[in-house]
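Worksheet: one structure, shown below.
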Amino acid sequence: MIENNLGNEGTNNKVCIYFCPVTEYPEKAPFNPPMEFPEYPFKGRGVNLGNQVYESIREMFKLMGMDIKNYGSELWNPFGEVIMPGDKVVIKPALTTDVNYTGDTVFSIIPHGSIIRAVLDYVLIAKPSSVIICDGPIPNAAFADVSRIVRLPEIVSFVNANQKTKVELIDLRHEYAPKDEKGHVIDIIKTKEDPLGYSIIDLGNESLLNEISEDWMKYRSVSSIKFERFAPPLYHNRENNIYSVSNTILSGNVIINIPKLKTHRKVGISATIKNGVGITNKKFWLPHFREGIDETRYSLKKKWKRHFYRLGERIQCLFFKYFGNKETVRGLPTVDGNWPGNDTTWRSAIDLYRILLYADKKGVMRNERQRKHFSLVDGIIGGENFGPLAPTEKKAGILICGVNPVSVDAVAAKVMGFDPLYIKMIYNCKNIGKFRLSEIDAPEINEISNKKINNLHFIAPFQWKGCLKKREGKYRRQTE
C-alpha cells in the first residue's frame, strides 16, 4: 500500500497552516526566489527580491518537518519522502477559468503562478523522471488564456531551459465551448486532447451515487448546452456510475494538488477534493443536482423567479455581491442545487478523488492506493461569497498543506470559519466503505501553524448563511 510519510513522526495526519507576511503576489515572471537558497536548483539565473511567496512556501515546508535534518544545506529535499527519483509527477493546479464576473481578481478563483513555480522547484529537487502541469478548466475557458494569466508558459520555458527533467503543460479536455458576451455558447472547439487519451471507469455500486440511484432520471449537469444538461442519467443510473478520466493523471506516480481556498455554492467550500473534478474531460457526465429534489428550499411556482435567477451570471453575481446579505433575496429560488440541501455534487467529487488515488494506469480500480499525494492550498488571496466562479476576493494571507486530502480540507474549512462537520463533502468521507480517502477523524488531525490559528471569517454564499457555523447548526440536525 502506498503511504505518504512526512516529517520525523512518520505519520500522514499532519496539516500545516502557514500565515504569510503578504497578501499580494509578485508580478515578475518566472517568479524566481528572493535569494539563492542553499538548495535552489537554478543558481546564477537571477532572483526576485520581492517574491515573499517563494520564501513562505519554503518556510512552510520547514515547519511541516519535511526532510528537516537537511534544512539549510544543499541536500535539503522537502519532497524526498513523497517523490522517489525517477517518479512521474503530475502537478494539478486549479486552472478553472480566466475571468471573475464580479470584477475582482481572477486569483480569488485560481492559484497564482508564484505558488506553482515554488512547488515546481522543490519537485525538481527530488529528481523525478518527468513533470506534467495540467488541468481541465470549465468548458468555456480557453486553456491558453488561463495559462497566460498564471504565466505558466514563462515558468515552463525558464525551467526547461535550465535543467534536464522535462516539464510539460497539458490541457486535459477534449473540447471547449466559448461563450459570447450574453453567456451563449457560440462554438464547440476541439482541443489537442490528453496525449495519453482517457479511461472510462465504472464504479457501479461502489459509487457514492448508488445511495440515491432511485432518482437517477432527475440527475442534471450545469452545462450551458441543453443536451449536455440532461446527459448524466446516461452514465449514472441504477446499473452504472461511469466517469471519463485523463490517462495523464493516471500515469503519474505522484499527484501534487494546488487548489485555491474559496467558497462553493454547491458543496460549501472548494479546496483539495473539489479540485479533483478537473481530472475528467466529460464534466457534463457528472450529476450536479437532482432536479426538483436538490434544487430548492423555496417555492418555484412563480416562473419569473426561476428566470430571474438564471439571468447571465455576471448580473447575478453583481446583484448578490451588493444585496446578498439583505432579506430581499431570501424569497429567490435556489436552482441548480446551489444550497446546502444539495446531496448530489459532493458524491461525484469524492468519487473522482477515489479514482484519482485508487485507479491504476489502465483505469482499473485497485484495493490499494496507486499513487502518492500532496496538497498545497493557495489562500494568500482566497475567494468568498459567490464562489467558486464569481467570488469576491479575500486577502487571507495563508497557505495550507498536507498529504491527506480530507484532513487538509477539514483544516481549510476551519480556518475559513466554517465547521467541517456541516460540509457533506468532508464529513461523509469517513462513511465510505471501499476506496477510502482517509482513516483520520477531525480530532486526530495534527495541526501545525506558525501563529495562532484564527477564524478568518470567510463570507459564505448567501444560500449557505447559517448552515456552516457550529453555533447555527440547525441545518445538519434537521437533515441527519
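The values are calculated or read from the model by the stated rules, or taken from the named source; none is laboratory data. No experiment lies behind these values; they were computed from the predicted model shown. Every residue, glycine as well, gets a Cβ built from its backbone with ideal geometry; the counts of neighbours run over all protein chains shown.
Computed quantities for the displayed model
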| item | result |
| --- | --- |
| Any hit, region 147-164, residues being surrounded by 16 or more Cβ atoms within 10 Å (Cβ to Cβ) and either under 25 Å from THR345 (Cα atoms) or at pLDDT below 95 (or both) | no |
| Candidates ILE83, ILE17, filtered to the one that is crowded, with 17+ Cβ neighbours inside 10 Å and part of a loop (DSSP other than H, G, I, E, B) | ILE83 |
| Considering residues of region 38-73 that are touching a helix residue (DSSP H, G or I) at 6+ places or on another chain (Cβ under 6 Å) and outside any loop (DSSP other than H, G, I, E, B) only, the residue nearest to ARG117 (Cα to Cα) | TYR54 |
| Selection from region 200-212 of residues that are buried (at least 16 other Cβ atoms within 10 Å of the Cβ) and among the hydrophobic types (A, V, I, L, M, F, W, C) | ILE201, LEU203, LEU208, LEU209, ILE212 |
| Residues that are under 30 Å from the mean Cα position of the chain (by Cα), surrounded by fewer than 17 Cβ atoms within 10 Å (Cβ to Cβ) and in contact (Cβ under 8 Å) with a residue 24 or more places away in the chain, drawn from region 42-58 | GLY50 |
| So ILE138, is it in contact (Cβ under 8 Å) with a residue 12 or more places away in the chain and farther than 20 Å from LYS283 by Cα | no |
| Residue within region 166-173 that is more than 19 Å from VAL89 (Cα to Cα) and either surrounded by fewer than 21 Cβ atoms within 10 Å (Cβ to Cβ) or without any contact (Cβ under 8 Å) to a residue 24 or more places away in the chain (or both) present | no |
| Per-region count, region 153-198, residues polar (S, T, N, Q) and outside any loop (DSSP other than H, G, I, E, B) | 3 |
| Wholly enclosed strands (runs of 3 or more DSSP E) of region 364-469 bearing at least 3 residues surrounded by fewer than 23 Cβ atoms within 10 Å (Cβ to Cβ) and at pLDDT 90 or above | 446-449 |
| Where a residue in region 92-108 is closer than 21 Å to ASP171 by Cα and its partner, wherever it lies, is among the acidic types (Asp, Glu) and assigned to a loop (DSSP other than H, G, I, E, B), with Cβ under 9 Å and at least six apart | VAL106/ASP98 |
| All positions within region 346-363 that are aliphatic (A, V, I, L, M) and assigned to a helix (DSSP H, G or I) | ALA349, ILE350, LEU352, ILE355, LEU356, LEU357 |
| Flag for ILE201 being among the aliphatic types (A, V, I, L, M) and part of a strand (DSSP E or B) | yes |
| Lone unmet requirement of (1) within 21 Å of the chain's Cα centre (by Cα); (2) part of a helix (DSSP H, G or I) for CYS134 | (2) |
| Tally of residues being touching a helix residue (DSSP H, G or I) at 6+ places or on another chain (Cβ under 7 Å) and part of a strand (DSSP E or B) across region 87-101 | 5 |
| Candidates ASP294, ASP215 - the one that is surrounded by 17 or more Cβ atoms within 10 Å (Cβ to Cβ), at pLDDT below 90 and of a type in the set (Asp, Glu) | ASP294 |
| Pairs with Cβ under 7 Å, 6+ apart, first in region 213-232 and within 17 Å of VAL335 (Cα to Cα), second outside any helix (DSSP H, G or I) and acidic (Asp, Glu) | LYS218/GLU291; ARG220/GLU291; VAL222/ASP336 |
| From SER73, SER129, SER114, residue being closer than 21 Å to ALA161 by Cα, surrounded by fewer than 20 Cβ atoms within 10 Å (Cβ to Cβ) and not aliphatic (A, V, I, L, M) | SER129 |
| In region 204-229, residue nearest to MET425 (Cα to Cα) [restricted to those that are in a loop (DSSP other than H, G, I, E, B) and touching an Asp or Glu at 6+ places or on another chain (Cβ under 9 Å)] | SER207 |
| Test: residue in region 68-77 that is modelled with pLDDT under 95 and among the small types (Gly, Ala, Ser) | no |
| Residue that is surrounded by the most Cβ atoms within 10 Å (Cβ to Cβ) [pool: residues in region 218-241 that are aliphatic (A, V, I, L, M) and out of contact with any Lys or Arg (no Cβ under 9 Å at 6 or more places or on another chain)] | ILE225 |
| Filter result for GLU59 (among the acidic types (Asp, Glu), touching a strand residue (DSSP E or B) at 6+ places or on another chain (Cβ under 8 Å) and more than 27 Å from LEU250 (Cβ to Cβ)) | yes |
